[in-house]
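One structure below.
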Amino acid sequence: MESFPDSQGSGMDTPSRDENLNSNSNSNSTSGDAGSSLRPGEAQNRNLDEFAMALKEELGGDYLPDTVIDSKEIEEMTGITSDMYEDIYGEKSMMDINPDIFIAVKAKENKADEVKKLLNDYKEKMIAENKTDENTDFINSTQVMQQDNFVFLFLLGKNDLSDAMESAGDKIENGIQRAEEVIKNMLS
């Protein structure tokens, strides 16, 4: 998995994923009703950041990406070049302990399959490079989905092992399913 160093470079202990979830539960909330103002069925006219806003609204404090990834960095991470897309958008968590990431691509005609392959390759790279046992199941749940010329990679949701009643897999799956539903609804 690619490491995202802390911008402070302080060398201080990084809070655990659960501590970060609790301390940031309101920091990612959007002002207004971003998700409710998005109307399903108008996918071709959507700005890709609208998907991120809707996911933030749905997942609330479980949406940890807090840093926009520019197209150059996405290209370095994934190999997706500007000749493959009409639009690209990404966010990741600034905290390297949180592997959460969201990448949305509106591929050019006849490029969606190539973009999907590159995002799947990046997913496999994240899995292979993971060095944090506590994030293994979470990183393994990274999803790549495609509908028409829209392709998404996302690793979002809750990775909280504190409730023994619900397995980690169930919690991760719940967040992934919620994210998939938001995206599918916006593309329908």
Study note, to complete from the structure: Within the stretch 91-129, residues being under 13 Å from the mean Cα position of the chain (by Cα) and buried (at least 23 other Cβ atoms within 10 Å of the Cβ) number 11
Review point. Regarding N135, is this residue modelled with pLDDT under 90 and under 20 Å from I74 (Cα atoms)?
Key: no
Review point. So which residues in the stretch 70-119 are more than 19 Å from G60 (Cα to Cα) and hydroxyl-bearing (S, T, Y), if there are any at all?
Key: S71, T78, T81, S82, Y85, Y89
Check your understanding: Do we find that E75 is in a loop (DSSP other than H, G, I, E, B) and without any contact (Cβ under 8 Å) to a residue 60 or more places away in the chain in this structure?
Key -> no
Study note, to complete from the structure: By residue number, the members of the stretch 118-134 that are more than 16 Å from Q147 (Cβ to Cβ) and part of a helix (DSSP H, G or I) are L118, D121, Y122, K123, E124, K125, M126, I127, A128, E129, D133, E134
Study note, to complete from the structure: Note: among A52, A104, just one is free of Cβ contacts under 8 Å to residues at least 60 places away in the same chain, more than 20 Å from N140 (Cβ to Cβ), in contact with a Gly (Cβ under 9 Å, 6 or more places away or on another chain) and assigned to a strand (DSSP E or B), namely A104
Exercise for review: Filter the stretch 79-98 for residues that are in contact with a Leu (Cβ under 6 Å, 6 or more places away or on another chain) and assigned to a loop (DSSP other than H, G, I, E, B) and give the result.
Suggested key: G79, I80, S93, N98
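The values are calculated or read from the model by the stated rules, or taken from the named source; none is laboratory data. Note that this is a predicted model, so its numbers are computed, not measured. We place every Cβ from the backbone using ideal geometry, glycine too, and count neighbours over all the protein chains shown.
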